[in-house]
Amino acid sequence: MTLLFYAQPYDISAEGFYFRGFDEYTKQADTAKNQYGDKVEEFEIQFIDGDQLDCELAKAWGLNQANTKRFIEVSDEWDDEQKIRFILAVGECGLSFDPDTVDPWSLDIDVHRMDSLEELTVEVVEGWCLGDTSDRLKPYIDYKAIADDLSIDFSEAIVAGERLFYQCY
């Protein structure tokens, strides 16, 4: 989906403009003048339209005039999983990043798509800890207590309508 942005001048005597790409932004920004004919130099960049995931990415990214070009690049280059990892790691966990070199796969975060913490607990116990747990052993496992323990380490978030559980390191 094509993204749509609005460049709102900080100069209240100037008018802003919509743009879809960085080339369009620079072309319009270079010719922007206020009502007195002075060049407008500073803009607030607003995310106007795009899919929900890109909207949440813009918020976590801290979209501004200095990082707009790189944001447009990564919103096109990254797949949904990379965007989700970034949104959670930076937007929820508060990890810092360098826009020029950020790699979502190197962010210290563990993400799981689950409907509930109890579902995550079953995956942790049966997939990570015990392997294939026999049906005779399952009644003795206190999944509720384990879920309570996991709730200390894992947080829940909804990103673009999808429920996720994540853990930052």
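No value in this document is a laboratory result; all are computed from the given coordinates. These numbers come from a predicted model, not from an experiment. Counting neighbours? That spans all protein chains shown, and the Cβs are built from the backbone with ideal geometry, glycine included.
When region 5-47 is examined, which residues are found to be exposed (fewer than 14 other Cβ atoms within 10 Å of the Cβ) and hydrophobic (A, V, I, L, M, F, W, C)?
Result: Ile12, single match.
From the list Asp100, Asp115, Asp80, which one is more than 30 Å from Gly21 (Cβ to Cβ) and not β-branched (Val, Ile, Thr)? Quick ask: steps written out before the conclusion?
Details: Asp100 fails: more than 30 Å from Gly21 (Cβ to Cβ); Asp80 fails: more than 30 Å from Gly21 (Cβ to Cβ).
When all the criteria are applied, what remains is Asp115.
What are the residues in region 1-25 that are within 25 Å of the chain's Cα centre (by Cα) and not in a strand (DSSP E or B), if any?
Of everything in region 1-25, those that are within 25 Å of the chain's Cα centre (by Cα) and not in a strand (DSSP E or B) turn out to be Met1, Thr2, Leu3, Arg20, Gly21, Phe22, Asp23, Glu24, Tyr25.
Go through region 49-62 and give me each residue that's under 15 Å from Gly94 (Cα atoms) and in a loop (DSSP other than H, G, I, E, B).
Passing the criteria: only Gly62.
Kindly establish whether Leu107 is within 22 Å of Val74 (Cα to Cα) and surrounded by 15 or more Cβ atoms within 10 Å (Cβ to Cβ). Before the answer, list the steps.
Working: within 22 Å of Val74 (Cα to Cα): yes; surrounded by 15 or more Cβ atoms within 10 Å (Cβ to Cβ): yes.
Yes; evaluated as a whole, the condition is true for this residue.
On the basis of being assigned to a strand (DSSP E or B), closer than 30 Å to Phe17 by Cα, in contact with a helix residue (DSSP H, G or I) (Cβ under 6 Å, 6 or more places away or on another chain) and among the β-branched types (Val, Ile, Thr), does Ile45 make the cut? It would help to see each step written out before you state the result.
Details: assigned to a strand (DSSP E or B): yes; closer than 30 Å to Phe17 by Cα: yes; in contact with a helix residue (DSSP H, G or I) (Cβ under 6 Å, 6 or more places away or on another chain): yes; among the β-branched types (Val, Ile, Thr): yes.
Answer is yes for this residue.
Exactly one of these conditions fails for Asp98: (1) part of a loop (DSSP other than H, G, I, E, B); (2) among the acidic types (Asp, Glu); (3) over 24 Å from the mean Cα position of the chain (by Cα). Give me its number.
(3)
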